[in-house]
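Please read the structure below before turning to the comments.
The values are calculated or read from the model by the stated rules, or taken from the named source; none is laboratory data. As the structure is a prediction and not an experimental result, all values here were calculated from the model. Neighbour counts run over all protein chains shown; Cβ positions are idealised from the backbone, glycine included. The accessibility values were calculated without ligands, DNA or RNA, using every heavy atom of the protein model including side chains. Shrake-Rupley method; radii C 1.70, N 1.55, O 1.52, S 1.80 Å.
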Amino acid sequence: MSTIVYVNTNKGNVNKASLEAVSYAAQMGGEVIAVQFGDADSSELGNYGADKVVKVALNEFQPDQISKTLQKAADENGADTFVLSHDFSGKAIAPILSAQADAGLVSGAVALPSGDGTIKKAVFSGKAFAHMKINTPKRVISVLPNSIEKKEVGKSAAESSMDAVAASASLTVKEQKMESTDLPLTEGEKVVSAGRGLKGPENWGMIEELAKELGAATACSRPVSDMDWRPHHEHVGQTGVAIRPNLYIAVGISGAIQHLAGVNQSKVIVVINNDPEAPFFKSADYGIVGDAFEVVPKLLEKAKEMSFND
Amino acid sequence: MNILVCISKVPDTTSKIAFSDNNTKFDTNGVQFIVNPYDEWYALVRALEIKEAQGGKVTVINVGLADNDPTIRKALAIGADDAVRVNVDPQDALSTAKQIAAHAKEGGYDMILCGKETIDYNGSQLGGMIAALMDQPYISYASKLDMNGNTATIERDIQGGKEVIEVATPFVLSAAKGMAEARIPNMRGIMAARTKPLNVIEPIEASNATEIVSFELPPAKGDCKYIDAENPGELLELLRSEAKVL
Ligand SMILES: Cc1cc2nc3c(=O)[nH]c(=O)nc-3n(C[C@H](O)[C@H](O)[C@H](O)COP(=O)(O)OP(=O)(O)OC[C@H]3O[C@@H](n4cnc5c(N)ncnc54)[C@H](O)[C@@H]3O)c2cc1C
Ligand SMILES: Nc1ncnc2c1ncn2[C@@H]1O[C@H](COP(=O)(O)O)[C@@H](O)[C@H]1O
């Protein structure tokens, strides 16, 4: 068995979620061919289990072209499985690959295929899981970011390059608005999030500082981004992005069901709220009933003392 | 513009999720069904706005059985001109995409709009599959769509940011927040929806590429451990030594 892994890059780095996809493929067994789009240091790909790295000099996000190039790499290597990350890139590419290869797709896998070949994924906005079987000879699996353990195997992969396949269905990219943060929300292992309880955008300084001390990304509830207190890409929940960090700290957020839909798969949830009846406490692992304006500065002081950031 | 909007029927967000038949079936007892929010609020409403600005027609399509008809009528009440229902119970994304593509190939649509994902199976799959089956460009997670003649200017989410792209019709996109403001159907719309055409067509032959073998509910959350607000520093100690996430 051979597996093609789609690897994407951002600002000259391989995305962390792509490393997880490589590790997922390696843990499934068989030969792993990582196809990397865009220029970046690829030495980590072997470390996480790639046998071969194929570099493609295509910097634009052209889903049709990327899918056809991955398909060609699969044909050349006799691969029958594609693995991608279920991030914005993978969500565009995986379904195209699936239809092109007539291969069943399980999107958002949270575990390796189990003994009976079924793959577990979250459904109903994180309120349940489904175990899915792929019936076709070829298969496509996209892996939910931050849901599997990456394993270092210390291989070094043989590198080659290939040209991107010309595509019929191309787009013209006019403008890019990349986020200035170094830590995209969907890749953060730790997230500090705040809601309407913070009263106004001027009070976010302590949230940003705490996040920085903990090495965390920042997020917010929907009304906060609707009121433009915070940028839209920070909005988590059913209508915003869904995240699955190891640690989610929610400050002044009530815990409405639509908010929970985006964060309920976090491994550890901490809720800080001055209302002991706030529904969020029902989903929390740790809770502090108190005023954010008193609790957060104290946390910040303690975090500095414990210095997590080095 | 001749626009096709794909609509899915999903349980209301606040539904209690339970399973029957030894965890193999979703228990629909007492569940309210709605049009998938992204399909309704963003894809359908933006399609209607484009039609209102430059003329044309908006058709909604659903793959499903007759019990989906009330949900389809809701989309007609909001303003779609007509509806197509492919009469088969959707079990898998690829086969469902093939049903929609089979119709769309006959329909001569200028664009096909989907939602970014369904809130039940959370696939984010159909749009890209339909695009590939039609050999048309796919623009996923679009948050803005403006038409200028046959050229669309679209803002989409990509990993790490947003991008503005241009593409000529025909194309397929999946709609996310930002594209339009939700509309509430009015009485006139609801009355009119009763007599708008809802054409039921029979499915093509397409086997299921995937299937759900079983469901599982997450383990119940343990009790919340409370930390004294006077001494919140203890939280960080626990997160390090007990939860091991710091
Ligand atoms: C269809 C639909 C989709 C939606 N999608 C989303 C979504 O994707 N994401 C999302 O977040 N929401 C979403 N919502 C909105 C959601 O229902 C809630 O309204 C929203 O999450 C509430 O945001 P909040 O918790 O910040 O504000 P509030 O509900 O106003 O809660 C503020 C909280 O702060 C606490 N508080 C106040 N002062 C302090 C203080 N000094 N210290 C500590 N705590 C304090 C209060 O006790 C309260 O619990 C959606 C709603 C609908 C209908
Ligand atoms: N049964 C269906 N009939 C018509 N359109 C559908 C159906 N299921 C999903 N869709 C469309 O495809 C989008 C993505 O669905 P999914 O791939 O299931 O997340 C939805 O937002 C709908 O626009």
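Odds and ends about this structure:
- Test: residue in region A:219-230 that is within 17 Å of A:Leu299 (Cβ to Cβ) and not assigned by TED's automatic domain parsing to the domain that holds A:Gln65: yes
- Scanning region B:171-188 for residues that are out of contact with any Lys or Arg (no Cβ under 9 Å at 6 or more places or on another chain), open to solvent by 10 Å² or more (accessible area, probe 1.4 Å), among the hydrophobic types (A, V, I, L, M, F, W, C) and closer than 24 Å to B:Leu126 by Cβ turns up just one, B:Ala182.
- The set of residues in region B:212-244 being open to solvent by less than 70 Å² (accessible area, probe 1.4 Å) and under 38 Å from the mean Cα position of the chain (by Cα) consists of B:Ile212, B:Val213, B:Ser214, B:Phe215, B:Glu216, B:Pro218, B:Gly222, B:Cys224, B:Leu239, B:Ala243.
- Of the strands (runs of 3 or more DSSP E) contained entirely in region A:126-175, those carrying at least 3 residues that are crowded, with 18+ Cβ neighbours inside 10 Å fall at A:128-134, A:139-143.
Let's see how each residue does on (1) open to solvent by 10 Å² or more (accessible area, probe 1.4 Å); (2) within 7 Å of chain B (Cβ to nearest Cβ); (3) within 18 Å of the chain's Cα centre (by Cα):
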residue: A:Pro95; (1), (2), (3): no, yes, yes
residue: A:Ser98; (1), (2), (3): no, yes, no
residue: A:Ala101; (1), (2), (3): yes, no, no
residue: A:Ser107; (1), (2), (3): no, yes, yes
residue: A:Val110; (1), (2), (3): yes, no, yes
residue: A:Gly117; (1), (2), (3): yes, no, no
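- Residue list for region B:125-140, filter: open to solvent by 10 Å² or more (accessible area, probe 1.4 Å) and within 20 Å of A:Gln238 (Cβ to Cβ): B:Gln125, B:Leu126
- Residues of region A:17-51 that are among the polar types (S, T, N, Q), crowded, with 22+ Cβ neighbours inside 10 Å and in a helix (DSSP H, G or I): A:Ser18, A:Ser23.
- Filtering region B:195-211 to residues that are more than 9 Å from chain A (Cβ to nearest Cβ) and either in contact (Cβ under 8 Å) with a residue 24 or more places away in the chain or open to solvent by less than 50 Å² (accessible area, probe 1.4 Å) (or both) leaves B:Lys196, B:Pro197, B:Leu198, B:Asn199, B:Val200, B:Ile201, B:Glu202, B:Pro203, B:Ile204, B:Ala206.
- Check on A:Pro223, free of Cβ contacts under 8 Å to residues at least 40 places away in the same chain, open to solvent by 20 Å² or more (accessible area, probe 1.4 Å) and either under 25 Å from B:Ala243 (Cα atoms) or within 14 Å of another protein chain (Cβ to nearest Cβ) (or both): yes
- Any chance A:Val14 is touching a Phe, Trp or Tyr at 6+ places or on another chain (Cβ under 6 Å) and either open to solvent by less than 10 Å² (accessible area, probe 1.4 Å) or assigned by TED's automatic domain parsing to the domain that holds A:Ala157 (or both): no
- The lone criterion from (1) within 28 Å of B:Glu216 (Cβ to Cβ); (2) acidic (Asp, Glu); (3) within 16 Å of ligand 1 (Cβ to nearest atom) left unmet by B:Asp89 is number (3).
- Only residues that are in a helix (DSSP H, G or I), small (Gly, Ala, Ser) and crowded, with 24+ Cβ neighbours inside 10 Å were counted in region A:56-88, giving 1.
- B:Asp120 vs. criteria touching a residue at least 24 places away in the same chain (Cβ under 8 Å) and either assigned to a loop (DSSP other than H, G, I, E, B) or within 7 Å of chain A (Cβ to nearest Cβ) (or both): yes
- Checked against (1) within 16 Å of ligand 1 (Cβ to nearest atom); (2) at pLDDT below 95; (3) not polar (S, T, N, Q), B:Pro218 passes all but a single condition, namely (1).
- B:Val167 being in contact (Cβ under 8 Å) with a residue 60 or more places away in the chain and assigned to a strand (DSSP E or B): no
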